[in-house]
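This is the structure, below, for whatever I ask next.
The values are calculated or read from the model by the stated rules, or taken from the named source; none is laboratory data. If you're wondering where the values come from, they're calculated on a predicted model, not measured in any experiment. Cβ coordinates were reconstructed from backbone atoms using ideal geometry, including for glycine residues, and neighbour counts include every protein chain displayed. Calculation scope for accessible area: heavy atoms of the full protein, side chains included, ligands and nucleic acids excluded. Shrake-Rupley method; radii C 1.70, N 1.55, O 1.52, S 1.80 Å.
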Amino acid sequence: MRLPGATVLLCMVDVLHAFVIEDKGDVFSRMACPAFLMFDNAAYLADMTFELPCNCKPEEVSSVVWYFQKNMGSHETTVLTDFAGTMVVDSGHIHAGSDVLKRFSIRMFSLIVFQAQVTDSGHYLCGTEKGDFFYGYDVDVQPTKHITVAFVDRDQHVQDNFTEKLFSLFTTFWDWTRCDRCGVRGEQRRIGLCYMRSAQLHPRYRTAVPNVTSCGSRAVPARFQRPSHLRRPEVAIRSCLTPCLKEEVPEEGVQSISNVISKLGEKPWLPQVPTQFHKQTVGSGLIITCPGARPEHAVAWDKESVRLYRSRYLIGVNKSMRVFIDHGNHLHIQRVRVSDGGTYFCWREGKMVAGFRLSVIHQRWHRRTLNDPETIFAIKAIGLSYVLISIVFVIIHVCRYCRR
């Protein structure tokens, strides 16, 4: 009698488990859309990629359309649709600074915006082609142009809280990233965004913590927006040391003779990572991107055996920097010199992933065209000089006439 009872009990457990899985799978049938449209606050740093899920929609709706408004009630609305979410965007081909219409994708009803810019801040609404709205977001993309940097190893501290009678400003930090190198001294980075605490925020905006929202949110009253713009995002950097993961060594006799022969002629002092070869002319500019890395990842750069630490090469550390790393983890080389030639290695999340072999060559003589940037700059400079000289000439003659 116990065996049939146990069998029936197990069958009932399987049925209940399947019911739970089916119930969890259909999220939209369990979450009703709000009768009054609210906006969830979300803050990001410029050049990051963010995703906005459409958390609710009617069951009969099979595709969604996303709308973007800079300000509430604005007549200028951008429609973001890729025809039922079939378009796939390769983030590696995205250019920073381009229009949002060229940097988005809709996947499983969620809106993905690549390399967000400050101009992408505003309201994002999930709805239908007929104009029915289901869910909304208040997105605040904070700039990196004048970001505040604190090096913990130098006893530098982050900004103090700013308190007024009706509001206070503070920084909310994300978790420390992983150590960007292993086996050698590396660095960790911690991003902090500006937030405001006030009891006078707009009630239509929903926040994770009551009376707290990001400084660039539309929930902030207009009279409080000026002080919030004066507080900048922050990034804290500190040194770290973590061991490398031991790779599994194949047992003796397992490795084939062909693998042994293929290693003949290799340079053992160079890391065994995929390497790209690139030629650059003297005097030009170059930006190198680490494959598969995003701004929020832990990324490090080396030039052969020289470590390019952020404590020295981060943008803004010195007033005049020709070689620097920006806050999006890109390596910039301005006015390339012959001495810049060599192999640059990229670390991602504590592991070396790629190498770039840079060869610097002298540019051959070629005929300039009107579309060249140098030609355009020369024409503008000559034209501006001519205008200034003409203005001085006219002023001199007018003064002489008035004197007479």
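Please compute the per residue accessible area over the range 131-171 with all protein chains in place, 1.4 Å probe, rounded to a whole number of Å².
I get 59 Å² per residue for the range 131-171.
Next up: If I model a spin label as a point 7 Å beyond the Cα along the Cα-Cβ vector, how far apart are those points for Asp175 and Gln225 in nm?
3.5
Here's another thing I want to ask about it. Mind jotting down the distance between the C-alpha centroids of the range 126-197 and the range 200-221, whole Å?
Between the Cα centres of the range 200-221 and the range 126-197 lies a distance of 16 Å.
Still on this structure: How much length, in nm to one decimal, is gained on full extension between Asp40 and Val184, taken as 0.36 nm per residue of separation minus their Cα-Cα distance? Write out the running numbers ahead of the final one.
Numbers: separation 144, 0.36 × 144 = 51.84 nm, distance 4.20 nm.
Between Asp40 and Val184, full extension yields 47.6 nm more.
Using a 1.4 Å probe, what is the accessible area per residue for the range 270-342, in Å²? Don't skip to the end; give the middle numbers.
Working: 3850 Å² over 73 residues.
That works out to 53 Å² for each residue.
Let me ask something else about it. Classify the range 271-361: rounded, prolate or oblate, from the alpha-carbon gyration tensor (a ≥ b ≥ c, eigenvalue square roots; a/c under 1.5 rounded; otherwise prolate if a/b is larger than b/c)?
Values: a/c = 1.76, a/b = 1.10, b/c = 1.61.
Taking the square roots of the gyration eigenvalues as a ≥ b ≥ c, the range 271-361 is oblate.
Same structure again: Carbon and sulfur atoms: what percent of the 1.4 Å accessible area of the range 143-245 do they account for? Let's see the in-between values first.
On the way: 3120 of 5980 Å².
On the range 143-245, the fraction of accessible area on carbon and sulfur atoms equals 52 percent.
Using 7 Å Cα-to-Cβ label points, what is the Lys70/Val398 separation (nm, one decimal)?
Each label point lies 7 Å from its Cα, and together they span 3.5 nm.
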